[in-house]
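What follows draws every value from the coordinates through simple rules; no lab data is involved. Everything numeric here is computed off the predicted structure, so don't read it as measured data.
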Amino acid sequence: MKQHRQEVVAFMDAMVREHGDSRVADDDDDKEDLLDVLLRIQREGDLQFPLTTDNIKSVIGVSTAHPMLVKMLHIISCNYLVLHLYVS
């Protein structure tokens, strides 16, 4: 489990770093995705509290996990209902 977490953290670090590097080279503001917006906010530093790279990784992780979590909860709830009906 710890090794899997370390691999995910390393992947997210590389993704944020490479995305930031490519945006500096490209500098095309018309096609910003969520990661671009978060990196721009971090660079500009206009927030009351600093936006750290860990904060950005957390937001990206939650936004990509959301559809999967919704599907998992749906499957669990359906299976629970089936199990409940079967046991009753």
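Listed values for segment 31-40 are Karplus-derived 3J(HN,Hα) couplings in whole Hz (6.51 cos²θ - 1.76 cosθ + 1.60, θ = phi - 60°), namely 10, 7, 9, 4, 5, 4, 5, 5, 5, 5, and x replaces Gly and Pro. Here the 3J(HN,Hα) profile of segment 49-55, calculated from phi with Karplus coefficients 6.51, -1.76 and 1.60 at θ = phi - 60°, is 10, x, 8, 8, 5, 5, 4 Hz, Gly and Pro shown as x.
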